[in-house]
């Protein structure tokens, strides 16, 4: 499971969302799926839960949603918006 970094502030609307990394002074624009993922991570949801919700909201196969989710998590990590919980590593 992963956590949103403590220096990240985000907002979500029907067009997607914005994530502000206050530690690094960067702003990121998110599409609706990315904003949903960040919101669910902030609520403590695990990968399978997030993939299920993406599949439900966007009529996508959960396996594809999970694969895409993992790629997005790598991108969030690269930009320092996310951190794995203790003992976890990104796949």
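FYI, it's all coordinate maths here, none of it is from the lab. All values derive from a computational prediction rather than experimental measurement. FYI the Cβ positions are ideal-geometry reconstructions off the backbone, even for glycines, and counts take in every protein chain you see.
Listing for the model above:
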| quantity | calculated |
| --- | --- |
| Fully extended contour minus Cα-Cα distance, from residue 46 to residue 13, at 0.36 nm per residue | 9.7 nm |
| Overall form of segment 2-82 per C-alpha gyration tensor (a/c, 1.5; a/b vs b/c) | prolate |
| Potential lengthening between residue 29 and residue 6 on full extension [0.36 nm per residue; Cα-Cα distance subtracted] | 6.5 nm |
| FRET efficiency, 1/(1 + (r/R0)^6) with R0 30 Å, evaluated for residue 22 and residue 85 via beta carbons | 0.90 |
| The chain - mean residue ellipticity at 222 nm from DSSP helices (-39,500 (n - 2.57) per run, n ≥ 4, rounded to 500) | -14000 deg cm²/dmol |
